[in-house]
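The values are calculated or read from the model by the stated rules, or taken from the named source; none is laboratory data. Treat the numbers as computed from the prediction; the structure is a model and nothing was measured. Every residue, glycine among them, receives a Cβ derived from its backbone with ideal geometry; neighbour counts consider all protein chains shown. Protein only, heavy atoms only, side chains kept; ligands, DNA and RNA dropped before computing areas. Shrake-Rupley method; radii C 1.70, N 1.55, O 1.52, S 1.80 Å.
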Amino acid sequence: MTEPTKTRLQTLGWAWGLVLATAAFVGSYFLVPGFNGFEPGQFPRVIDEPPVQPSGYAFAIWGLIYLWLVIAALFGAIRRAEDSDWSAYRPWMILSLGVGATWLPVASVSPLLATALIFAMLAAALKAVFRVGITDRWLQQAPVAIYAGWLTAAACVALGVVLGGYGILPPTPAALLSLILALLIALTVQYRLHRAPEYGLTVIWALVGVIVQNTDPLNTAVVGLCILGIIAILGLRGTDTE
């Protein structure tokens, strides 16, 4: 086998590997139907409505993420399999989605392990979003950025629920600590990756969901931090780092 042929087969392998990883990730949803986050009964300390968790409607974004990732992976494999601009992010995205395919089954039995897994998913997704190319923005950059943005929020939400559920911190301090971590990650990423506003907008979507969750009764500290975070993320649009 000649070197060009070997390289071509490897490139095609990564492209179609991403299709398979995406299919496994989306397919895992059907293995655990009706999963709506960690259940209060999974923790020693029962907290029915953790203040760090967004309102239920916010999780509808998963439908958009699933659909966009599937379309992007198929387009990339069929039309851009050998395009070098599409190559760099694929291994990291395959890693994130591969871990993600196990997340729902694990989360239904072990919140601690699931929290570790979702941070691994996030780390790989952030590597991917920094490596996406500049072509086909809406089919390469946008779905990865939205996926990484939601994982930024989801990983920190999981952390906040675990901290409160295991009695490590009271619910509101657990929420504040986790939200601060989410904002530190989000602001750093958005500052360094100015060309991907979809990432920051997705984090804002999650923050608005947390605000809605904490308005009745009003949790002033959590709502105030979320508002400050939204202002900070939007403020980065006035900078130019690239």
Worksheet, complete the sentence: So, first residue in contact (Cβ under 8 Å) with a residue 12 or more places away in the chain in region 16-36, second residue of a type in the set (Val, Ile, Thr) and surrounded by 12 or more Cβ atoms within 10 Å (Cβ to Cβ), Cβ within less than 6 Å, six or more apart or across chains; the pairs are 17/94; 18/94; 21/94; 22/70
Worksheet item: How many residues, within region 178-203, are buried (at least 18 other Cβ atoms within 10 Å of the Cβ), part of a helix (DSSP H, G or I) and hydrophobic (A, V, I, L, M, F, W, C)?
Response: 7
Worksheet item: Among the listed residues 62, 86, which satisfies the condition of being in contact (Cβ under 8 Å) with a residue 40 or more places away in the chain and within 30 Å of residue 227 (Cβ to Cβ)?
Response: 62
Worksheet item: Of the residues that sit in region 120-140 and are assigned to a helix (DSSP H, G or I), open to solvent by 10 Å² or more (accessible area, probe 1.4 Å) and touching a residue at least 40 places away in the same chain (Cβ under 8 Å), which one is farthest from residue 88 (Cα to Cα)?
Response: 126
Worksheet, complete the sentence: Taking region 22-44 and keeping residues open to solvent by less than 90 Å² (accessible area, probe 1.4 Å), within 10 Å of residue 104 (Cβ to Cβ) and either modelled with pLDDT under 90 or in contact with a Gly (Cβ under 7 Å, 6 or more places away or on another chain) (or both) leaves 25, 32, 35
Practice prompt. Could you check how many residues of region 153-177 are in a helix (DSSP H, G or I) and open to solvent by 50 Å² or more (accessible area, probe 1.4 Å)?
Written response: 2
Practice prompt. Considering (1) at pLDDT 95 or above; (2) open to solvent by 50 Å² or more (accessible area, probe 1.4 Å), say which one residue 5 fails and leave the rest.
Written response: (1)
Worksheet item: Can you tell which of 221, 206 is open to solvent by 30 Å² or more (accessible area, probe 1.4 Å) and either without any contact (Cβ under 8 Å) to a residue 12 or more places away in the chain or part of a helix (DSSP H, G or I) (or both)?
Response: 221
Fill in: residue 12 being modelled with pLDDT under 95, part of a helix (DSSP H, G or I) and open to solvent by less than 50 Å² (accessible area, probe 1.4 Å)
yes
Response to the item:
Considering region 72-116, residues that are surrounded by fewer than 21 Cβ atoms within 10 Å (Cβ to Cβ), over 18 Å from the mean Cα position of the chain (by Cα) and in a helix (DSSP H, G or I), and then whichever is modelled with the lowest pLDDT, we arrive at 84
Worksheet item: Across region 45-71, what is the total count of residues that are assigned to a helix (DSSP H, G or I), over 30 Å from residue 90 (Cβ atoms) and open to solvent by less than 90 Å² (accessible area, probe 1.4 Å)?
Response: 1
